[in-house]
Protein chains: 2
Amino acid sequence: MASSMFFTHCHYYSSPSSFACRLHRQVGPTPLRFFSPAPSRVSPVAAMATESSAKVIDGKSVAKQVRDEITAEVSRMREATGVVPGLAVILVGDRKDSATYVRNKKKACESVGINSLEANLPEDSTEEEVLNYISGYNNDPSVHGILVQLPLPSHMNEQNVLNAVRIEKDVDGFHPLNIGRLAMRGRDPLFVPCTPKGCIELLHRYSVTIKGKRAVVIGRSNIVGMPAALLLQREDATVSIVHSRTSNPEEITRQADIIISAVGQPNMVRGSWIKPGAVIIDVGINPVEDPNSPRGYKLVGDVCFEEAVKVASAVTPVPGGVGPMTIAMLLQNTLISAKRVHSFE
Amino acid sequence: MASSMFFTHCHYYSSPSSFACRLHRQVGPTPLRFFSPAPSRVSPVAAMATESSAKVIDGKSVAKQVRDEITAEVSRMREATGVVPGLAVILVGDRKDSATYVRNKKKACESVGINSLEANLPEDSTEEEVLNYISGYNNDPSVHGILVQLPLPSHMNEQNVLNAVRIEKDVDGFHPLNIGRLAMRGRDPLFVPCTPKGCIELLHRYSVTIKGKRAVVIGRSNIVGMPAALLLQREDATVSIVHSRTSNPEEITRQADIIISAVGQPNMVRGSWIKPGAVIIDVGINPVEDPNSPRGYKLVGDVCFEEAVKVASAVTPVPGGVGPMTIAMLLQNTLISAKRVHSFE
């Protein structure tokens, strides 16, 4: 499923593609990678909604609501216990996109009252130096969440580094132990990965019934597709996972009451792939050429929005859908971690 | 999905049912629970095969083949390194069915040359006593696999006890860390749970193509359904999971090239649920009344065998299908563990 770009806060994902339906040419051989649903760039959601039958799921507004709730909780916790949740981010090297992600996370933390700590290490740091920082944050009681900004320089073993983060502070939720608990009935993960958690949160906030519904997840990445499928199953949906080896994916998606797409294929999911009345969560964010834009490109999802709004009952726009939810969920995970360690309810 | 009974070697599973299609009345309010596909009771597989179009997947014969391979490997390892793989089983209390399982495992170990250790603790043992035994086996280099026979007496916390088994000796493969690795691309579990592993092994040995095929797993237990779905997905099938909250499960199963059923509903999967030419792996083993049997009951699967053989291209019988594979896979996991710790290839 071609190179993909999600609104995840720190990870990239790519896998081979076997099916595609491009309305636009993707920009460059590798898509640009960044996280910037700046308010001024968000599509006029309300205006779009009036032009079509589907409800447009306003991720920006839900994310703001979640952040407001977090702000109130952080304040309540600080007043009751004196404890302020803290998130530490480790950035190695000077990739501009990574620096932007980290800056955005820092700003988001500040906006809700979460302490943000940052370690900026030079590109030529050793793995041991990074591990030392992780160890320091692992042992620092003022730190409740640790994020290692990916990608790491190629001379480091990513898995080694990520595994060093204490599971109680793994607010990304990507540790295999967390994923295992997510998969198992009767077990609960310490943290749910942020982007899929954001997808489900959107469904909840829009009162979409999940139990007993047919759900199709397109894409099976460790970061989005797989945990999204596990979350849907935990909520009693009947889940199918479509991926690059699936023949006739549209036959399967057409049966879905809920579609979560996370493959990074611009406009792959056409109107004909969608059952009338389905709810569509579009995690993809793909830059495609746009001569009318001063930047020369625009961002589109995996789902052909113009067609989807005519068939679906609700759909997330790109940008302004799942994107803003990811950082909101990261903040929520950090708050959950602080509450848990201090037994604050 | 009613009480269920699988050919798993040490666990029980039950969940509520929302759909059923009973051809027989299940014996008693709670089905009998035991593990006893004794050779003399196995249906005459070859004879059945000639009466129908579907190939009958002979689990007994495949399991024997696997055990022969294990015997050869155990012997090769012993000769090369002097090391003999060892499996320790902890049995608490005096349930007859549990005692039978443990005896069967012991016999199976002996038959392939694996050392078998056994701890029999009285029903009124404390959790701490059980944990002490586990700790002893954890530290014993001659033990490469540890099994705690379930169910434990009700005064013990099963999760605590199971979590105490070192992951390197968790030959059951049920540790969340193992399940997480099973779910994640690019990661590998130390052990794959025995029954679902046995299902996939049957598909492999019968040269059933999995990649790109539609697979439906019926049931989502931690022990069979969920890991079976993850295994199928690892092999690039397009997987759907049907469970007690699924409406019209037969609509979904009819699309499947491969069905794995693990719900414990006698004869639930009818011929009309099956796509012509599909391959059916039936994990269920359900006792139903049978006045013609001296025992008063017989064992049937989740799948109505008589109907399935007319539609499917291949199907496992019950008994004699998946059942014999579970212990074979347990032996294989024990061997894998011994090889890994001694870096023997």
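The values are calculated or read from the model by the stated rules, or taken from the named source; none is laboratory data. Note that the structure is predicted; figures quoted are calculated from it, not measured. So basically every Cβ, Gly included, is an ideal-geometry build from the backbone, and we count neighbours across all protein chains shown. For accessibility, only protein heavy atoms count, side chains too; no ligands or nucleic acids. Shrake-Rupley method; radii C 1.70, N 1.55, O 1.52, S 1.80 Å.
Considering only protein heavy atoms, what per residue accessible area in square angstrom results for the range B:223-282 with a 1.4 angstrom probe?
23
Could you work out what % of the accessible surface of the range B:253-345 is carbon and sulfur, using a 1.4 angstrom probe and leaving DNA, RNA and ligands out of the count?
Ligands and nucleic acids excluded, carbon and sulfur give 52 percent.
Compute accessible area for the range A:162-184 by itself and then with all protein chains, 1.4 Å probe, and report residues whose area falls by 40 Å² or more.
A:P176, A:L177, A:A183, A:M184
How much length is gained on full extension from A:S154 to A:E110, taking 0.36 nm per residue of separation minus their Cα-Cα distance?
12.7 nm
Find every distance from the label point of B:R166 to the corresponding label point in the other copies (7 Å from Cα along Cα→Cβ) and write them in nm, one decimal, shortest first.
Once sorted, the set of distances for B:R166 reads 2.5 nm.
What's the local net charge at A:N178, with K and R +1, D and E -1, over the other residues with C-beta under 11 Å away? Numbers along the way, then the final one.
Working: positive: A:R181, A:R187; negative: A:E168, A:D170, A:D172, A:D188.
Net local charge, A:N178 excluded: -2.
For A:K211 and B:E250, what does the FRET efficiency come to when R0 = 22 Å and r is the distance between their Cβ atoms, rounded to the nearest 0.05?
Numbers: r = 20 Å, r/R0 = 0.90.
Calculated value: 0.65.
Provide an ascending nm list, one decimal, of label-point separations from A:E250 to the equivalent residue in each further copy; define each label point as 7 Å from Cα along Cα→Cβ.
3.0
What percent do you get for the relative contact order of the range B:250-344 when only Cα pairs under 8 Å and 6+ apart count?
27
Compute the separation of the alpha-carbon centres of the range A:110-167 and the range B:117-149 and state it in Å as a whole number.
38
Enter the Cα centre distance for the pair the range A:227-250 and the range B:84-99, rounded to the nearest angstrom.
38
Where does the charge balance sit around A:N160 when Lys and Arg score +1, Asp and Glu -1, over other residues with C-beta under 14 Å from its C-beta?
-3
Show the residues, 5+ positions off or on another chain, whose built amide H is closer than 5 Å to the amide H of A:L117.
So A:L117 has HN proximity to A:L87, A:A88, A:V89.
Treating cross-link reach as a plain straight distance, find the lysines whose alpha-carbon is under 25 Å from the alpha-carbon of A:K213, omitting any fewer than eight places away in the same chain.
Counting by Cα, and skipping residues close in sequence, A:K213 has these lysines nearby: A:K55, A:K197, A:K275, A:K310, B:K213, B:K275.
Report the A-B buried area as the accessible area lost on both sides summed, probe 1.4 Å, in Å² to the nearest 100.
In total, this chain pair buries about 3200 Å².
In the neighborhood of A:I210, defined by Cβ-to-Cβ distances under 14 Å, what is the net charge if each Lys or Arg adds +1 and each Asp or Glu adds -1?
+3
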